[in-house]
Amino acid sequence: TRYKNLVRCFHKMRYIPIVDDLLDSIENNLKTRQVVIEKYNNYLAENNWLSVVFSVAVGATFEDYLIGRVISDSAKELLKLDRTVTEIAKEYGFASQQTYSTIFADVVGVPPHIYRANRGMGKLVERIILEKTSWNRFSTKNVKIEKIEPMTVASTYLYKSNSRQSKI
């Protein structure tokens, strides 16, 4: 994407610990998203390129990845059959069962009751673990800049007049 070149100009070591910390915080606080959102906003205030770097490293925006992981974790609870969809929605911090069902269907592709009835047929968002080797794409390379001399360009008038002469 167009941001990959912009991200390359930043030293990779500055962002690796931040993105790793955010990924760990997401996994440790799936039922209390507000903690993770506050941490992200604090990092974002100090590192205005964090959203771009996170998107490139993870393959999704912070918000999309967070909600995808929350829904994916809650989907495991749906398969246990001992609790209602409403109870699971409340446990994961959704305002209502309807809000949960709508977001669940957007992420997984089917509503929670169909997911439960089909015993887990749908797409889930898997946990991402960044490896040091995956950050090689952010390394910067030394580039030699050469001076290019100005070029003379033929005008369209000269081109047209030359083409007329060749036809005669």
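The values are calculated or read from the model by the stated rules, or taken from the named source; none is laboratory data. Because the structure is a prediction, the values reported are computed rather than measured. Every residue, glycine as well, gets a Cβ built from its backbone with ideal geometry; the counts of neighbours run over all protein chains shown. Just so you know, the surface numbers come from the protein's heavy atoms only, side chains and all, with ligands and any DNA or RNA stripped out. Shrake-Rupley method; radii C 1.70, N 1.55, O 1.52, S 1.80 Å.
Restricting V58, V52, V107, V85 to residues that are β-branched (V, I, T), farther than 18 Å from P17 by Cβ, in contact (Cβ under 8 Å) with a residue 40 or more places away in the chain and surrounded by 15 or more Cβ atoms within 10 Å (Cβ to Cβ) narrows the list to V107. Here S25 fulfils each of the conditions (1) out of contact with any Lys or Arg (no Cβ under 8 Å at 6 or more places or on another chain); (2) of a type in the set (G, A, S); (3) not in a loop (DSSP other than H, G, I, E, B) apart from (1). Scanning the range 67-83 for residues that are among the aliphatic types (A, V, I, L, M) and either modelled with pLDDT of 90 or more or touching a Pro at 6+ places or on another chain (Cβ under 9 Å) (or both) yields I67, V70, I71, A75, L78.
Of all residues in the range 69-109, those being outside any helix (DSSP H, G or I) and touching a Gly at 6+ places or on another chain (Cβ under 9 Å) number 2.
Residues that are open to solvent by less than 80 Å² (accessible area, probe 1.4 Å) and under 15 Å from L23 (Cα atoms) were ranked within the range 110-130; the one that is modelled with the lowest pLDDT is L130. Residues in the range 88-98 that are farther than 19 Å from Y65 by Cβ and of a type outside the set (G, A, S) were compared, and the one that is most open to solvent (accessible area, probe 1.4 Å) is Q98. Taking L66 as the residue in question, decide whether it is in contact (Cβ under 8 Å) with a residue 12 or more places away in the chain, crowded, with 17+ Cβ neighbours inside 10 Å and outside any helix (DSSP H, G or I). Considered against the rule, which asks whether it is in contact (Cβ under 8 Å) with a residue 12 or more places away in the chain, crowded, with 17+ Cβ neighbours inside 10 Å and outside any helix (DSSP H, G or I), L66 comes out as no.
The single residue among T133, T152, T99 that is modelled with pLDDT of 90 or more and hydroxyl-bearing (S, T, Y) turns out to be T99.
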